[in-house]
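Quick notes on the structure that follows.
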Ligand code: HEM
Ligand SMILES: *[C@@H]1O[C@H](CO)[C@@H](O)[C@H](O)[C@H]1NC(C)=O
Ligand SMILES: *[C@@H]1O[C@H](CO)[C@@H](O)[C@H](O)[C@H]1NC(C)=O
Ligand SMILES: *[C@@H]1O[C@H](CO)[C@@H](O)[C@H](O)[C@H]1NC(C)=O
Ligand SMILES: *[C@@H]1O[C@H](CO)[C@@H](O)[C@H](O)[C@H]1NC(C)=O
Ligand SMILES: *[C@@H]1O[C@H](CO)[C@@H](O)[C@H](O)[C@H]1NC(C)=O
Ligand SMILES: *[C@@H]1O[C@H](CO)[C@@H](O)[C@H](O)[C@H]1NC(C)=O
């Protein structure tokens with residue numbers, strides 16, 4: 001090879017390598033993404049969260065759920081955070097979110113603190129991922145390195161929120177399908193459902209199981225009788241408050257542990273969708289529930305892995321989307 005040809009070949013190799021690196025960078029999240037541009041991002045989010053927790057013992061659960069409700073609708077792009085505007089029909093009013101998803105003002109506080117420290121750098125989609133991770137950790141759950149580098153979307157999809165998010169009355173087949181549609185398998189379904197180890201739930205999501213399950217006029221046979229009587233006190237058949245709150249895990253309401261699975265083992269899952277993971281005849285999820293009920297270590301390991309899987313749903317990266325100035329509005333709108 002002559003000198004000129006050698007240089008040409010070398011240039012070509014470098015160009016191909018750079019192109020591959022650029023493609024890789026735009027497709028892949030990385031836990032060191034803000035190391036150069038906002039090195040204190042984790043410390044800042046943690047500080048705001050600890051303060052929020054002082055007035056609201058439920059906030060860690062609520063923020064964990066927000067990340068989930070974001071990622072299942074056109075990927076982890078912070079679409080759930082957009083308010084109604086001329087260009088946006090907000091997902092906040094979709095059935096699974098309306099009067100249910102919460103924590104938005106704390107996301108605003110995190111964003112404000114980050115805009116002060118490193119303006120225009122940290123996306124709202126990454127804020128949700130970091131807030132979920134730190135919320136689980138501060139509640140006693142597992143730690144993991146959270147992949148970052150998501151960009152914020154400029155659209156929302158209310159129909160997508162209505163259709164893609166699971167309902168507590170979905171059967172196991174439908175739950176599996178909704179998870180598979182975003183690339184998550186049965187282990188992800190069981191592990192991530194373990195997030196119901198903390199947080200609250202309204203009476204309206206259990207009254208059919210207490211009094212008239214699937215139109216039978218009888219309670220859900222897979223609901224423990226003692227637990228049913230206790231829930232009936234909080235959620236009476238008539239004259240009650242359908243928005244009254246109950247603990248998803250009454251044994252340790254604000255702690256992230258394996259008790260969600262221990263509860264299911266004794267027919268004390270709160271939602272139909274919780275108990276089904278064990279009680280559906282032939283359920284492929286039953287053995288996974290059993291393994292997590294026995295071993296908190298196994299649950300924590302799977303939960304961390306599945307949160308990373310969920311956080312990887314269709315992120316916008318590279319020059320896609322934008323970094324919003326306010327999590328509630330698309331820039332320039
Ligand atoms: C498997 C399908 C799922 C269904 C059907 C479901 C359904 C629900 C429902 C109905 C509530 C109560 C909402 C209310 O009363 O307003 C709830 C709460 C909650 N969900 Fe799920 N969920 C599922 C999966 C998940 C996943 C994957 C996560 C997170 C990884 C999660 C985290 C939470 C948390 C932390 C709460 C409590 C929120 C709070 O107190 O504000 N859920 N879920
Ligand atoms: C936002 O828009 C939706 C759909 O048009 C509507 O149902 C909802 O009431 C609006 N919410 C507010 C606060 O304006
Ligand atoms: C959302 O909840 C409010 C009550 O807070 C209700 O008035 C409104 O109709 C609900 N919106 C939708 C779209 O269901
Ligand atoms: C919104 O989500 C639904 C899925 O339920 C999908 O069919 C539809 O194409 C989405 N709309 C847009 C504009 O992406
Ligand atoms: C699960 O629910 C879907 C949708 O409602 C229904 O079509 C299907 O037959 C149900 N499957 C089972 C096994 O009950
Ligand atoms: C139970 O629900 C079904 C339909 O969902 C209804 O037809 C029936 O009247 C209800 N039974 C009782 C005892 O409330
Ligand atoms: C119903 O319960 C909710 C949640 O605790 C509460 O905010 C609301 O004020 C209650 N409504 C009534 C009519 O008591």
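The values are calculated or read from the model by the stated rules, or taken from the named source; none is laboratory data. Here the structure is a predicted model, which means the values were calculated and not measured. Note: ideal-geometry Cβ built from the backbone for every residue, glycine included; neighbour counts use all protein chains shown.
Among the listed residues 240, 160, 183, 217, identify the single one that is within 26 Å of residue 134 (Cα to Cα) and touching a helix residue (DSSP H, G or I) at 6+ places or on another chain (Cβ under 9 Å). The unique qualifying residue is 183.
Within 26 Å of residue 324 (Cα to Cα) and surrounded by fewer than 20 Cβ atoms within 10 Å (Cβ to Cβ), is that true of residue 155? Spelling it out, residue 155 is indeed within 26 Å of residue 324 (Cα to Cα) and surrounded by fewer than 20 Cβ atoms within 10 Å (Cβ to Cβ). Looking across the range 120-146 at every residue that is in contact with a helix residue (DSSP H, G or I) (Cβ under 6 Å, 6 or more places away or on another chain) and either closer than 21 Å to residue 93 by Cα or in a loop (DSSP other than H, G, I, E, B) (or both), the one that is nearest to ligand 1 (Cβ to nearest atom) is identified as 139.
Considering 270, 213, 256, the condition of being within 20 Å of residue 169 (Cα to Cα) and in contact (Cβ under 8 Å) with a residue 60 or more places away in the chain is satisfied by 270 alone. Name the single residue that is nearest to ligand 4 (Cβ to nearest atom) among those in the range 75-87 being under 22 Å from residue 122 (Cα atoms) and out of contact with any strand residue (DSSP E or B) (no Cβ under 8 Å at 6 or more places or on another chain). The selected residue is 79. Out of 81, 189, one residue alone is within 17 Å of the chain's Cα centre (by Cα), crowded, with 17+ Cβ neighbours inside 10 Å, under 30 Å from residue 253 (Cβ atoms) and assigned by TED's automatic domain parsing to the domain that holds residue 242. It is 189.
Conditions tested, residue by residue: (1) part of a loop (DSSP other than H, G, I, E, B); (2) surrounded by 20 or more Cβ atoms within 10 Å (Cβ to Cβ); (3) at pLDDT below 95.
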residue: 209; (1), (2), (3): no, yes, no
residue: 218; (1), (2), (3): yes, no, no
residue: 230; (1), (2), (3): no, no, no
residue: 239; (1), (2), (3): yes, no, yes
residue: 261; (1), (2), (3): no, yes, no
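When each of 158, 148, 138 is tested for being more than 15 Å from residue 71 (Cα to Cα) and either over 14 Å from the mean Cα position of the chain (by Cα) or at pLDDT below 95 (or both), the lone residue that passes is 138. Among the residues of the range 177-186, the one identified as touching a residue at least 40 places away in the same chain (Cβ under 8 Å), over 26 Å from residue 252 (Cβ atoms) and part of a helix (DSSP H, G or I) is 178.
Of all residue pairs spaced 6 or more apart or on separate chains, those with beta-carbon atoms under 8 Å, a first member in the range 151-163 that is more than 23 Å from residue 180 (Cβ to Cβ) and a second member that is within 15 Å of ligand 3 (Cβ to nearest atom) and not in a loop (DSSP other than H, G, I, E, B) are 156/80; 156/91. Screening residue 137 with (1) under 18 Å from residue 41 (Cβ atoms); (2) without any contact (Cβ under 8 Å) to a residue 24 or more places away in the chain; (3) buried (at least 19 other Cβ atoms within 10 Å of the Cβ) gives one miss only, at (3). Within the range 83-103, being touching a residue at least 40 places away in the same chain (Cβ under 8 Å) and either closer than 21 Å to residue 330 by Cβ or part of a helix (DSSP H, G or I) (or both) holds for 83, 85, 86, 87, 88, 89, 90, 91, 93, 94, 97, 103.
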